Amino acid sequence: ARSVLRVIANSVDARVTGRPAEEEEKRLNPADGELYTFRQLERWGDRFPMSEAETRFHWERLCSPLVNGKPVAPQSQVQDPEVAERTEQWNKVFKTRSLSHMWSVADAGHVHAISGALYMVLGLAQLLDVSGQVIIGWEAHVPVALATATLFLGAFNAASGMQSALLAKSAEDLFQILGLGPNGNLKSGGFVNTCVFFFILSYQAVRVLPSFPAFLQPLDSLIGLLAFLATMHTAAILNGWVNKQAIHRVDTVLLPPLLNLPVAWHLLMDGQTWVEELSARYPGWPEAFFMANSTLAWSASMVTFVLSLHERRVVSLEMRNGIMLGFPFIVFAIICARVGSLIPEWFQDDVWTIFTLSAPGN
């Protein structure tokens with residue numbers, strides 16, 4: 001009898017007030033995680049207080065109804081299918097995980113992670129300083145001594161990345177680490193190749209400084225030869241990825257290391273004579289060359305860092321590809337603009353010198 005009377009009362013209440021019979025329905029209140037009927041929610045809201053309209057809004061738009069005993073999203077949180085799809089795509093591309101995944105126990109004393117973080121910050125400061133010189137025209141804020149120290153820090157970081165896991169125990173291990181042969185590890189080979197080019201770019205940067213020690217000049221031929229070999233190694237690594245159908249052949253047409261071949265040639269064949277001739281012909285060349293090589297070295301390190309972020313699932317594949325395509329173009333544009341301000345002749349009458357790095361008449 002009481003159940004019949006309750007149904008009749010609810011029906012009368014619905015006719016008189018226009019309010020549905022909600023006394024039996026319970027919803028999940030997001031404010032405290034408890035289940036309430038509408039009447040119970042009214043009494044709960046009296047503590048604040050809440051008006052009847054506010055209680056009604058809270059019930060209909062914020063509280064989760066139950067389906068098969070489980071709460072589902074209220075109507076206000078149900079997305080349009082098209083919006084939900086776009087949101088899912090956005091989250092897929094831009095969702096990131098904690099950088100704690102980059103903290104590896106295999107990194108002895110975490111020297112690689114710590115030195116990498118410091119180098120990233122100092123290198124970014126140098127890049128911003130160069131950008132300010134290009135865009136605003138301010139004087140350099142990062143002294144050459146600090147920029148040189150930053151290069152040494154980057155070299156230490158690159159060396160610390162090749163710890164025991166990358167040490168070869170045999171010739172077969174060495175070929176595998178270099179990514180060569182049928183069983184070559186292309187990932188480790190690419191990392192080693194990047195580290196080698198970092199050392200090459202760092203040497204080239206400090207080589208043109210007036211303070212470069214004369215007793216180290218005989219290293220020019222060795223570095224030049226190493227640059228040629230490293231370029232061949234880059235081609236082999238990319239060819240391996242092509243054979244695995246990870247990249248297209250067209251993506252390997254232009255190898256970035258090819259742009260460094262004129263420098264490698266001059267170091268191998270001319271050495272100090274080449275440095276003196278270009279410095280005498282273009283007074284701004286030593287600063288421009290130091291800036292370009294140190295900035296490119298930092299950029300290569302950052303690309304490797306982004307690859308590591310994706311390898312450890314910190315960033316998505318789409319974000320990795322976007323950064324790897326966009327970031328080098330930005331850095332290259334900054335370098336070109338700064339070189340143009342230091343050596344304006346290269347963008348006027350001596351354009352060919354940009355590609356050959358030979359003083360006109362030689």
Exercise. Using per-residue counts of other Cβ atoms within 10 Å, averaged over each peptide, order 25-32, 138-145, 212-219 from highest down.
Key: 25-32, 138-145, 212-219
Quiz item: Got a number for carbon plus sulfur as a percent of segment 261-314's accessible area, 1.4 Å probe?
Solution: 61
Self-check item: Accessible solvent surface per residue of segment 207-291, calculated while the other protein chains remain in place, 1.4 angstrom probe, Å²
Solution: 56
Quiz item: For segment 176-232, which whole-number percentage of the solvent-accessible area (1.4 Å probe, protein heavy atoms only) is attributable to carbon and sulfur atoms?
Solution: 74
Exercise. Tell me which residues come under 5 Å, amide H to amide H, from residue 34 once H is placed; ignore anything under 5 positions away on its chain.
Key: 29
Quiz item: What are the principal axis extents of the Cα atoms in segment 199-305, in Å, biggest first?
Solution: 48, 25, 23
Quiz item: When all protein chains stay in place, what accessible area (Å², nearest 10, 1.4 Å probe) is found for residue 336?
Solution: 50
Quiz item: Does segment 267-362 come out rounded, prolate or oblate, given a ≥ b ≥ c as the square roots of the eigenvalues of its C-alpha gyration tensor, rounded meaning a/c under 1.5 and, failing that, prolate meaning a/b above b/c?
Solution: prolate
Quiz item: Which ³J(HN,Hα) values in Hz, rounded to whole numbers, follow from the phi angles of segment 295-300 under the Karplus curve 6.51 cos²θ - 1.76 cosθ + 1.60, where θ = phi - 60° and Gly and Pro get x?
Solution: 5, 5, 4, 5, 4, 4
Quiz item: Of 343, 325, 210, which is farthest on the positive side of the dipole of segment 208-344, counting Cα position, with +1 on Lys and Arg Cβ, -1 on Asp and Glu Cβ, and the Cα centre as origin?
Solution: 325
Self-check item: Probe 1.4 Å - accessible area at residue 188, Å² to nearest ten
Solution: 20
Exercise. Taking all protein chains together and a probe of 1.4 Å, list 265, 44 from the most accessible to the least accessible.
Key: 265, 44
Exercise. Could you rank the peptides 325-334, 45-54 by their average count of other C-beta atoms within 10 Å per residue, with the highest value first?
Key: 325-334, 45-54
Quiz item: Ordered by residue, what ³J(HN,Hα) values in Hz, to whole numbers, does segment 224-237 give under the Karplus form 6.51 cos²θ - 1.76 cosθ + 1.60, where θ = phi - 60° and Gly and Pro are x?
Solution: x, 5, 4, 5, 5, 5, 5, 5, 5, 5, 4, 4, 5, 5
Quiz prompt | Length gained when the stretch residue 258-residue 46 is fully extended (0.36 nm per residue, less Cα-Cα span) | solution = 68.8 nm
Practice problem: Starting at the first residue of segment 51-62, write each ³J(HN,Hα) from the Karplus equation 6.51 cos²θ - 1.76 cosθ + 1.60 with θ = phi - 60°, in whole Hz, x for Gly and Pro. | Solution: 6, 4, 5, 5, 5, 4, 5, 4, 5, 7, 10, 10
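The values are calculated or read from the model by the stated rules, or taken from the named source; none is laboratory data. Computed from a prediction, not measured in an experiment: that's the story for all the values here. Please note: Cβ atoms are built from the backbone with ideal geometry, for glycine as well, and neighbour counts cover all protein chains shown. For accessibility, only protein heavy atoms count, side chains too; no ligands or nucleic acids. Shrake-Rupley method; radii C 1.70, N 1.55, O 1.52, S 1.80 Å.
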